1. Can you give the local net charge around ILE195? Use residues other than it whose beta-carbon is closer than 10 angstrom to its beta-carbon, Lys and Arg +1, Asp and Glu -1.
2. Work out, step by step, the length gained on full extension between LEU3 and PHE104: first 0.36 nm times the residue separation, then minus their alpha carbon distance; give nm to one decimal.
3. Hey, can you grab everything whose amide H is under 5 Å from the amide H of LYS16? Only 5+ residues off in sequence or another chain; H modelled, so Pro and N-termini drop out.
4. Kindly put ARG203, ARG173 in sequence by how many other C-beta atoms sit within 10 Å of each C-beta, fewest to most.
5. Straight-line reach from LYS223: which lysines have Cα under 18 Å away, leaving out those fewer than 8 places along the same chain?
6. Straight distance only, please: which lysines reach the Cα of LYS142 with their own Cα at less than 17 Å, same-chain residues fewer than 8 apart left out?
7. Hey, fewest Cβ within 10 Å first, where do TYR145, TYR252 land in order?
8. Estimate the FRET efficiency between TYR12 and ASN176 by the formula 1/(1 + (r/R0)^6), using the beta-carbon distance for r and 51 Å for R0, to the nearest 0.05.
Amino acid sequence: MSLEERFFHPDYKQLKPSGIWGHGLGIAGSLLMITGVAIYIARKRMRSLSRLGLLKHWLEFHIFLCTLGPLLVLFHTSFKFGGIVAVSFWSMVAVFISGIIGRFIYIQIPRTIEGRELSLSEVRDMKSDIGDILSSTYQLDKHIYNLIIESTRRKAEIQRASLLWTYTKNYFRDVNTIQTIKSQLRKNGLEKSDIKKVSNLVRNELSLNRKIDRLLFMQNLFKYWHVAHLPFAIIMLIIMIIHVIVTITFGYKWIF
């Protein structure tokens, strides 16, 4: 309803920000956000909790609570906000949006099955010595051998991993490289089964190269993401505490 008509609605006393339901939604939403932040920080910082479930599951629960909380707070405001509370609200919105972006960045970083972030050295250790495998297992001419070795070697441009378009360009380049290698292997007279094995070997090496690129890029991006997410979260929390203190000072109490 419009702001002018709400006052005359029979449910206004219960649904307004200071009403039974409206006030309760604000309290519930604030508690959910505080709980979501607190448990995730505790899981990351406290060694005693390190074996209590996978970190990725704690992150999922953190995201759930910190998504539901802002929605309840939005209904608590009855979709109107101004003054210093508006700063807290828009900070909450900024935290919510940056959290979605952070989640996207997080899932792009290669991890173990337990959810632990892989280090650059761990990903590099996954790479095999493709040159030894090719020379000891398959009879390839020098041209196709050098083509495969050169294709699976990471270039200096890739190692910077500074731009997203570079990673995308490399992906499509790798697809084209595999097709070229398959064509050359056919000309080299390899059996179909051997062509498939060599292609899978090359595909795995190229995939690991892209994984290294993605790890470097996302790790750098994650550092900048914290610059936006954390300050807005702190601003939201401080103003929310001020809002609660002012509310209690003016006598607005819930069911207690």
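1. Residues near ILE195 contribute +3 overall.
2. Full extension from LEU3 to PHE104 adds 32.6 nm.
3. Amide H neighbours of LYS16, under 5 Å, 5+ apart: GLY22.
4. ARG173, ARG203
5. Correct list for LYS223: LYS44.
6. List returned: LYS182, LYS187.
7. The fewest-first ordering by Cβ neighbours comes to TYR252, TYR145.
8. 0.20
Readers should treat all values here as calculations from the given coordinates under stated rules, not as data from a laboratory. Please read all numbers here as calculations on a predicted model, not as lab measurements. For neighbour counting, all protein chains shown are included, and Cβ atoms are generated from backbone atoms with ideal geometry for every residue, glycine included.
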